[in-house]
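Each remark here refers to the structure printed beneath this line.
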Ligand SMILES: O=P(O)(O)OC[C@H]1O[C@H](OP(=O)(O)OP(=O)(O)O)[C@H](O)[C@@H]1O
Ligand SMILES: O=c1cc[nH]c(=O)[nH]1
Ligand SMILES: [Mg+2]
């Protein structure tokens, strides 16, 4: 069974509350998502292995620590996943970026796939799949399955902003090897598969499409 990591840092929780408010404009929603993703990326990279290197300060030689040649790829589930990328790149500027195009059919709540593009050498890379919303979990399950089938990365983590209990359960059952990182687990889904209390449609709020 994978681990569910709740990122409950006060700065994350504060910004999330501001984002949930229906009055938040597209501009401020997008800006807060950017800030939140930098803070969340900081937590996700906490277990990156370090190696010792010898360096020379202006005073003397000493030993320091650097990240151990990690080959990281961020994989965004389109469209809303793209709202995470710039903020995360503040923490891991060298990461490569992949995209998986999926949208959720509003009637069936099943994912419809339309795009797949990954960086080279995925077999050597640790991957963080990003999408703000884990609702039924169908999109995340399908995206991670495509990634495993087509690119077989070294490891996969999944990062979202909000999760529903149903989505966590579905994702953990389908991909017990993929840890989930989220800022909140909300109460439930409504009859249309929207998270309650949630924040509405993440893609529409980021891109101003409704
Ligand atoms: O867990 P699920 O029930 O599958 O729902 C979550 C998906 O729904 C949203 O995307 P949407 O389909 O609205 O597409 P968009 O990002 O292009 O707006 C969200 O960004 C997830 O990808
Ligand atoms: O609440 C939800 C559920 C799915 N997708 C969203 O953007 N929001
Ligand atoms: Mg989507």
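Ranked by how many other Cβ atoms sit within 10 Å of their own Cβ, fewest first, the residues 46, 21, 205 fall in the order 46, 21, 205. Per residue, the convex hull spanned by the alpha carbons of the chain comes to 134 Å³.
Length gained on full extension, residue 60 to residue 31: 6.2 nm, using 0.36 nm per residue less the C-alpha separation. Separation of region 94-162 and region 1-35, taken as the distance between their Cα centroids, equals 21 angstrom.
Just checking the listed ones, 84, 103, 158: in the Gaussian network model of the chain with Cα springs under 10 Å, the one fluctuating most is 103. From largest to smallest, the equivalent ellipsoid semi-axes obtained for region 1-66 from the alpha-carbon gyration tensor read 36, 17, 9 Å. Annotation for residue 86 and residue 1: the two label points, set 7 Å from Cα along the Cα-Cβ direction, are 4.0 nm apart. Exposure proxy ranking for 56, 43, based on other Cβ atoms within 10 angstrom of each Cβ and starting from the fewest, stands as 56, 43.
Between residue 51 and residue 38, what is 0.36 nm times their sequence separation minus the Cα-Cα distance? Round to one decimal in nm.
Working: separation 13, 0.36 × 13 = 4.68 nm, distance 2.35 nm.
Here the segment from residue 51 to residue 38 would lengthen by 2.3 nm.
Highest mobility in the GNM of the chain, judged by mean-square fluctuation with C-alpha springs under 10 Å and restricted to 176, 58, 106, is found for 58.
Working from label points 7 Å from Cα in the Cα-to-Cβ sense, the residue 109 to residue 177 distance is 2.8 nm.
Here is how the number arises for the chain: DSSP H runs of 4 or more residues each give -39500 (n - 2.57), the sum is divided by the residue count, and the result at 222 nm is -10000 deg cm²/dmol. For the pair residue 148 and residue 204 in one chain, pulling the backbone fully straight at 0.36 nm per residue adds 17.3 nm over the alpha carbon distance.
Bear in mind these aren't lab numbers, they're just calculated from the coordinates by the rules spelled out. All of these numbers come straight from a predicted model, not from anything done at the bench. All Cβ positions, glycine included, derive from the backbone under ideal geometry; neighbour counts span all protein chains shown.
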